[in-house]
Amino acid sequence: MYAEVLIEYKVKSLDRSFTYEVPERLRDIIQVGMKVSVPFGNGDSLINGFVTNLKYDSNLGNLKKIVDITDTELVLNEELMKLGQYLSDTTLCTLISAYQTMLPSSLKIKTIQSNFQKYETYLKLKMPKEFIKSYLTELKGKNQIELLQVLLETEKVLKKDFSPSTVKTLLNKGLIEEEKVSTYRIDREDVKDSKKITLTVDQQNCYDEVVANLHVANTYLLHGVTGSGKTEVYMHLIEKVVKSSKCAIMLVPEITLSMQIVNNFYRRFGSDVAILHSALSQGEKYDEYLKIMRGDAHIIVGTRSAIFAPIKHLGIIIIDEEQSESYKQDNTPRYNAIDIAKWRSDYHKIPLVLGSATPTFETYARSLKGVYKLLTLPKRVNDAKLPVVKVVDMAEEAKCRSMVLSRYLKERLQERLEAQEQSILLLNRRGFGTLVSCSACGYTFKCPNCDITLTFHKSSNALRCHYCGYFLKKPALCPECKMPEIKDAGLGTEKLEEQLHKIYPEARIVRMDADTTSKKGSHEKIIQDFKEEKYDILLGTQMISKGLDFPKVTLVGVISADASLNIPDFRSGERTFALLSQVAGRAGRSGLESEVVIQTYNPDNFTIKMVEVGTFLKNYQYEMSIRKKLKYPPYFYLVGIKVCSKVYEDASIEATKVYQHLKATIDTESIILGPTTAGVFRINSIYRFQLVIKYRHDEKLVDALKQIDAMFINHKTVYLEIDMNPYYI
Ligand code: ADP
Ligand code: ZN
């Protein structure tokens, strides 16, 4: 018997299968999709690979043998093997990196894992009960008697609950024996919430429409305003699917932002839930996969890569906050989980539900055209009203020296403190001052590796680069003119927190950003404490904008809407609207009167105006008219190409070559922009030139891209990043 094995080798030109002989002892267990360990190259070094085919004869002589199977339980099934091919074809990645993306990284370890599974040891009686009972009358040891009596009643106990010496004595006497049972590292009690929520009429309509077609590969957009009860619809759908013994995948943007949802799922479905995300330990992740493969969990809640969960009987896929950029992976393979979800929905003939208050315009356009089915939840549940939005012109405020908090926002915050209601403030920049310079000579601190300025972090008294992590202690003197005149300007969350303490000395304030949530569990703690009203004001970066459901929040303040607005990307209008609506949606969720205050230097900007009146549709129509004129998605598709090198000249020369090759090969209707320098030109000492292709139908495109990709396989100083449908350009 022979196996074709796709090996885990980083070299692109070796992305193919090699034939190995299957040793006698593995013949009965080996399957296509299993991971095996094989010798590769000269010498005896071992490498892992996936079995892609099994056959009974081979005309090749002198073949090496497979050494072992790395895991007999985690196997890529036929569906996932095909999906890997699709992933490789559509993102232009190697087949091996596609397969590696689909299984947990614990399996990427290059050694054979014989004992990765976790076991719990139990004790049980070895002799018949009657015998034990009569034996008990003669026995002296108190602890031994106790353990035997427990076993007479309960059959099985955990070994670690009893004293090792007692256990050992009884084992030696041959009265009891051990039993090893495979267990899971994350083990939820199977307690389910009996309280069942009745859907509102709107929710019920959405639910009914999906349930009427559970065996059709439809994609739905569930477009519901913030607080309209989308999560409840998801849970009802999942319940329905699970009742018929099928499984569900529910994707959430980031696990830390979604703990409230995850906990709701645990409460509703108990141990039938498996979670998959990058913050799990390797062991935990491995166990969650086992639960799924063995059918011990039917509901998978997870982030992007959970879309590859190895489920045989999939019944529904749900993607919450579908506009979230976290669904797009920004390194190889550059896939979008929504595309993978569509593929799997087609494969299994099941519904895919995309949920959002602010869907991407691509998604919304498809739902208006009928490609996706549109389901809407136009109102909040329990008659809760959406908050009133007030826009404050900061140019006016600057005249009165109210640079950080406008007079209006200050008063509203004061009112909330007096009424013992809570407030949330969004400022999308962490750190203290965002620009550090010498006021004597004008010297500005920049990152030596990246083309951006350093941010001052007061708590660590350091200047940091938010791209590459470079930092230095804040010097006392300017490195240029040696004067003690180093000042910081600009506003980050750390400075905002300090100022709030000054203005409201009595208020209890908590900050949530990448700096205060780096420790495991700190994020959950802040959310829990805020929910329990241990704080009056929560301030933070966009981390606070999504998913949170706090009944007592009646005021949301956006300190500066301009940072997001000023990003030079064709999607910035779409994204600013989404961000502001999301954060605004945190207010007034339990029916209390609520308000949102947006501070900006661009009060007349169209997007800001649309947020003010709260019309997604008008903002959509306006932005779409621009996209049509400028030939952007959804009217055109995009490809982003980055030509990267530590050597400036090499990157520059090769970028021009890439342009010339594309120009000569792709369809003349397609448009090539660039090469230009990428947004931040140099990151981590790497120069990045960028080209963008806009196209509608271009049959020559994929081949052309493969050709330029091949041009760089063996290049010493330059590498290429090709991104089909990039999120950012
Ligand atoms: P969304 O995800 O649309 O922002 P959620 O699903 O978080 O909204 O729902 C908002 C709140 O309304 C939650 O506290 C939820 O428990 C509650 N809720 C949802 N549906 C119902 C219902 N049918 N009856 C009562 N409360 C509901
Ligand atoms: Zn840097």
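The values are calculated or read from the model by the stated rules, or taken from the named source; none is laboratory data. From a predicted model like this one, the values you see are computed outputs, not experimental measurements. Here the Cβ positions follow ideal geometry from the backbone for every residue, glycine too, while neighbour counts run over all protein chains shown.
Pairs linking a residue in segment 261-276 that is modelled with pLDDT under 90 to a residue that is more than 16 Å from ligand 2 (Cβ to nearest atom) and among the small types (Gly, Ala, Ser), with Cβ atoms under 8 Å and 6 or more positions apart or on different chains, are 261/547; 271/297. Where helices (runs of 4 or more DSSP H) fall wholly inside segment 537-653, the ranges with 3 or more residues that are among the hydrophobic types (A, V, I, L, M, F, W, C) and within 16 Å of ligand 1 (Cβ to nearest atom) are 572-584.
Residue selection: residue 198 satisfies the criterion of being assigned to a loop (DSSP other than H, G, I, E, B) and either under 14 Å from residue 547 (Cβ atoms) or among the β-branched types (Val, Ile, Thr) (or both). Residue pairs whose Cβ atoms lie under 8 Å apart, sitting 6 or more positions apart in sequence or on different chains, and linking a residue in segment 195-219 that is free of Cβ contacts under 8 Å to residues at least 60 places away in the same chain to a partner that is near ligand 1 (Cβ under 10 Å from one of its atoms) and assigned to a helix (DSSP H, G or I), are 197/232; 199/232; 199/233; 199/236; 207/233; 207/236. Of all residues being touching a strand residue (DSSP E or B) at 6+ places or on another chain (Cβ under 7 Å), within 13 Å of ligand 1 (Cβ to nearest atom) and in a loop (DSSP other than H, G, I, E, B) in segment 224-249, which is nearest to residue 271 (Cα to Cα)? Just the residue, please. Checking each candidate, the answer is 229.
Taken across segment 488-500, residues that are surrounded by 14 or more Cβ atoms within 10 Å (Cβ to Cβ), farther than 29 Å from residue 420 by Cα, away from ligand 2 (no atom under 16 Å from the Cβ) and under 31 Å from the mean Cα position of the chain (by Cα) do occur, with at least one present. Could you please let me know if residue 50 is surrounded by 20 or more Cβ atoms within 10 Å (Cβ to Cβ) and modelled with pLDDT of 90 or more? Here the answer is yes, as residue 50 does meet what is asked. The set of residues in segment 69-95 that are in a strand (DSSP E or B) and exposed (fewer than 15 other Cβ atoms within 10 Å of the Cβ) is empty.
Go through segment 426-460 and report how many residues are touching a helix residue (DSSP H, G or I) at 6+ places or on another chain (Cβ under 7 Å) and either more than 14 Å from ligand 2 (Cβ to nearest atom) or not small (Gly, Ala, Ser) (or both). Total meeting the criteria: 10. Residue-level analysis places residue 419 among those that are under 28 Å from residue 547 (Cβ atoms) and either within 16 Å of ligand 2 (Cβ to nearest atom) or hydrophobic (A, V, I, L, M, F, W, C) (or both). A single entry from 32, 36 fulfils the requirement of being surrounded by 13 or more Cβ atoms within 10 Å (Cβ to Cβ) and not in a strand (DSSP E or B): 32. Every condition in (1) part of a loop (DSSP other than H, G, I, E, B); (2) within 22 Å of residue 682 (Cβ to Cβ) holds for residue 456 except the one numbered (1). Residue-level analysis places residue 531 outside the set of residues that are on the phi > 0 side of the Ramachandran plot, at pLDDT below 95 and away from ligand 2 (no atom under 16 Å from the Cβ).
Residues that are of a type in the set (D, E, K, R) and touching a Leu at 6+ places or on another chain (Cβ under 7 Å) within segment 207-250 comprise 209, 230, 232, 246, listed in sequence order. Residues of segment 360-383 that are in contact with a strand residue (DSSP E or B) (Cβ under 7 Å, 6 or more places away or on another chain) and within 13 Å of ligand 1 (Cβ to nearest atom): 375, 376, 377. Per the conditions (1) at pLDDT 95 or above; (2) under 26 Å from the mean Cα position of the chain (by Cα); (3) closer than 23 Å to residue 263 by Cα, the sole criterion not satisfied by residue 203 is (2). Look at (1) closer than 23 Å to residue 417 by Cβ; (2) assigned to a loop (DSSP other than H, G, I, E, B) and you find that residue 528 fails only one, number (2).
Pairs meeting the criteria (first residue in segment 401-423 and closer than 22 Å to residue 528 by Cα, second residue of a type in the set (Val, Ile, Thr), beta carbons under 6 Å, at least 6 apart or on different chains) are 421/554; 422/553; 423/537.
Selection of segment 667-701 for residues being assigned to a loop (DSSP other than H, G, I, E, B) and under 26 Å from the mean Cα position of the chain (by Cα) yields only 684. Residue 221 meets the stated requirement of being touching a strand residue (DSSP E or B) at 6+ places or on another chain (Cβ under 7 Å) and either farther than 14 Å from residue 300 by Cβ or within 16 Å of ligand 2 (Cβ to nearest atom) (or both). Residue 442 meets the conditions (1) outside any loop (DSSP other than H, G, I, E, B); (2) surrounded by fewer than 19 Cβ atoms within 10 Å (Cβ to Cβ) in every case but one. The failed one is (1). Looking across segment 198-221, the residues that are of a type in the set (A, V, I, L, M, F, W, C), surrounded by fewer than 18 Cβ atoms within 10 Å (Cβ to Cβ) and more than 10 Å from ligand 1 (Cβ to nearest atom) come down to 211, 212, 214, 216, 217. Which residue is farthest from ligand 2 (Cβ to nearest atom), if the candidates are limited to segment 232-254 and must be of a type in the set (Val, Ile, Thr) and crowded, with 21+ Cβ neighbours inside 10 Å? Taking the candidates together, the pick is 241.
Among the residues of segment 384-396, is there at least one that is more than 16 Å from ligand 1 (Cβ to nearest atom), buried (at least 19 other Cβ atoms within 10 Å of the Cβ) and charged (D, E, K, R)? Scanning segment 384-396, I find no residue that is more than 16 Å from ligand 1 (Cβ to nearest atom), buried (at least 19 other Cβ atoms within 10 Å of the Cβ) and charged (D, E, K, R), so the answer is no. Using the structure shown, decide if residue 463 is within 14 Å of ligand 2 (Cβ to nearest atom), crowded, with 19+ Cβ neighbours inside 10 Å, in a strand (DSSP E or B) and not aromatic (Phe, Trp, Tyr). Yes.
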